[in-house]
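Peer 1: I am attaching a structure below and will ask some questions about it afterwards.
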Amino acid sequence: MSNVVVVLDNGGGLIKAGLGGERDPSTVLPNCLLRPLSSKKWLHPSPTIAASSEDPLDLTSAAVRRPLDRGYLINPDLQRDIWAHLFNSLLHISPSQSSLLLTEPLFALPSIQRATDELVFEDFNFSALYVADSPSLAHIYETSRRHVVSRGAAQCSLVVDCGFSFTHAAPVFQNFTLNYAVKRIDLGGKALTNYLKELVSYRSVNVMDETFLMDDVKEKLCFVSLDVARDLGVARKPGKKNLLRCTYVLPDGVTHTKGFVKDPDQAQRYLSLTDGALTSNLGAKVDMDHIEVTEKPEDRKRIDLTKNEFDLTNERFLVPEMLFHPADLGMNQAGLAECIVRAVNSCHPHLHPILYESIILTGGSTLFPRFAERLEKELRPLVPDDYQVKITTQENPILGVWRGGSLLASSPDFEAMCVTKSEYEELGSARCRRRFFH
Amino acid sequence: MDEDNSSPFRRMSSRTRKVAPRMVAALANSDNRAQAALARLEALENDNAGMETIEINEDDDTSLDDEDQVYMHKRQSKGTKRKTRQAKALENARKAPRTFAELLHEASLETLPSHVPSYLRAAVGPPSSTSRRHFCTVCGYAASYTCVKCGMRFCSCRCQNIHNDTRCLKFVA
């Protein structure tokens, strides 16, 4: 029978795909089609980790088409193209002889579930399908890593999945997501990138078309502030006292096709801003001396001549700040800490202390530096005193869900949990879905 | 904090402000501002932000009462080509991917009984405190003042001037 299990974490931003039982996915690729300026056709993006970029596409001002909108599949035709490319040229598998473990966002609409099933069974002819949700997979992976430590607590956890399209706080109990308690914030990496684009375009250079460039800027320069009022003050200071100013050099298309941070040391200076005012002063002094040595007048002249760079100051922390206070953007939604509290409160009271003790952060947007610290700082006052708050970060939040899927796919009961093609043909989509408790 | 600063300031100012009649109408229905805010949040989810925001602006322009007649006129002049265009548009609509909002509307989740968890019920809902920090739309720092025309925030005279020159959405917002 089929013994190859393809594990596919079909995210809105990145597809993570590989074979079940392996530790890391063999391919991570953007879930979109691109049309760079140099081309008239829509092209497949190159995978981000596997191939060492033999011919990197020039992504300047590339237009993007994504099959997923707000995390949900809206364009099955486009998704079929991308998957066909993935299975044939990247994974080299034949779908009819393998089963598929697919992640689907929570609360997928029935019409979307039907479209997904049609895609899997009718277009690709997979022999079996298992649909999982990402919080339970992240939970499976984390419990497999810490099973030695405490077996009682390992049965449930609160997964905070802050991804590309949205953010979920989902309690997981015995490998099942308690869907009545899941809370969602409609903000994710995509909205943050777009917000950064908007800010930079208005303040310095028009980058509204540069999705990939601004993704890079966001990943390299943004961080979560531990004290917004103080950091705003620091960002306002002129010249060398400003520990937060940082310069990003835009690609010029000739010598370098990718943008880069001008001075990586400068980008790290915010780390010297710690909680105590005293230590921050000390740190500032040390840093200022250091900078005075490195910065030369010639450098500054060059800035004025070539206008292909921009400075970031308060944007660096105001962008991720929106996850903690969506109200500042004009959204009528609570911040991440409150979202977690509400998710926990919708569970049985016996679970509350255990859930607060095992918060797992997953998803690419949790990679902002100091994300966990800030979350703990905001969460602590909202949680009763006698409960512990413990936040676990994954070593690779982007791949965490996939790894959980890989573990599940290699477990002995996996085959029994799947829906096979013949079952699908006999019962149809809706009946088959009941097996996954959706 | 910000709220406290801004409201006494507004009351104290004795300067008489001339407001065009159309402005009054625009200010009277706050729906416009709410709509602009919603459109902005929608724009944050766009893939190709540049192009799509322009389309939104065009839609807004055509809804202005002054231009309505011009718009109607244009539509009539296009009347000869109408059939083919409509057919094309229909064809495109069938092919084109639908947005998630449309699919959500179609699923009519509101009709489900209240204990069934669904996409709509999973949203966190409004924050417990209504306080909102305001950041200057020009420079990003704490903003004490509100633009009387469009409701956007700014922090100083300098930023106000920049705002008025570039960003103030007088009639759209």
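Peer 1: Please go through the range A:173-255 and write out the GluC sites (Glu not before Pro) that DSSP classes as loop and that have at most 16 other C-beta atoms within 10 Å.
Peer 2: Those that pass, being in a loop and sparsely packed, number zero.
Peer 1: Among B:131-139, A:258-266, A:133-141, what's the highest-first ranking by average C-beta atoms within 10 angstrom per residue?
Peer 2: For the peptides B:131-139, A:258-266, A:133-141, the packing ranking is A:133-141, B:131-139, A:258-266.
Peer 1: Among B:108-115, A:248-255, A:3-10, what's the highest-first ranking by average C-beta atoms within 10 angstrom per residue?
Peer 2: So the order, starting with the most tightly packed, is A:3-10, A:248-255, B:108-115.
Peer 1: Let me ask something additional. With chain A treated as a Gaussian network of Cα nodes joined by springs under 10 Å, which of A:Arg370, A:Arg342, A:Arg146 yields the largest mean-square fluctuation?
Peer 2: The residue that fluctuates most here is A:Arg146.
Peer 1: Which order, highest average first, do A:236-243, A:122-129, A:383-390, A:398-405 follow once you tally other Cβ atoms within 10 Å for each residue and take the mean per peptide?
Peer 2: Result, highest mean Cβ count within 10 Å first: A:398-405, A:122-129, A:236-243, A:383-390.
Peer 1: Something else now. Two-decimal Rg/Rh of the range A:329-398 from alpha-carbon positions, Kirkwood Rh?
Peer 2: Over the Cα atoms of the range A:329-398, Rg/Rh equals 0.97.
Peer 1: Would you mind giving the mean number of other chain beta-carbons within 10 Å of the Cβ of each residue in A:170-183, as a whole number?
Peer 2: 2
Peer 1: Too long at a 24 Å Cα-Cα cut-off: which of A:Lys190/A:Lys220; A:Lys40/A:Lys220; A:Lys262/A:Lys377; A:Lys220/A:Lys240; A:Lys237/A:Lys262?
Peer 2: From the list (A:Lys190/A:Lys220; A:Lys40/A:Lys220; A:Lys262/A:Lys377; A:Lys220/A:Lys240; A:Lys237/A:Lys262), the Cα-Cα distance tops 24 Å for A:Lys40/A:Lys220; A:Lys262/A:Lys377.
Peer 1: Additional query: Enter the mean number of other protein chain beta carbons within 10 Å of the beta carbon of each residue in A:62-75, as an integer.
Peer 2: 4
Peer 1: Next up: Quick one: putting +1 on the C-beta of Lys and Arg, -1 on the C-beta of Asp and Glu, what dipole do you get for chain A around its Cα centre, in Debye to the nearest 20?
Peer 2: 560 debye
Peer 1: Give me the inter-chain shielding for A:325-331: mean count of other chain Cβ atoms within 10 Å, whole number please.
Peer 2: Average per residue, whole number: 6.
Peer 1: Could you give the spread of the C-alpha atoms of the range A:355-438 along their three principal axes, from largest to smallest, in whole angstroms?
Peer 2: Taking max minus min along each principal axis of the Cα atoms, the range A:355-438 gives 53, 27, 23 Å.
Peer 1: Can you compute the modelled spin-label distance between B:Asn161 and A:Asn125, with each label point 7 Å from Cα toward Cβ, in nm?
Peer 2: Placing both labels 7 Å beyond Cα along the Cβ direction yields 7.1 nm.
Coordinate-derived values only; no laboratory data. None of these values were measured; they are calculated from a predicted model. Methodologically, a virtual Cβ is constructed for each residue, glycine included, from the backbone with ideal geometry; neighbour enumeration extends over all protein chains shown.
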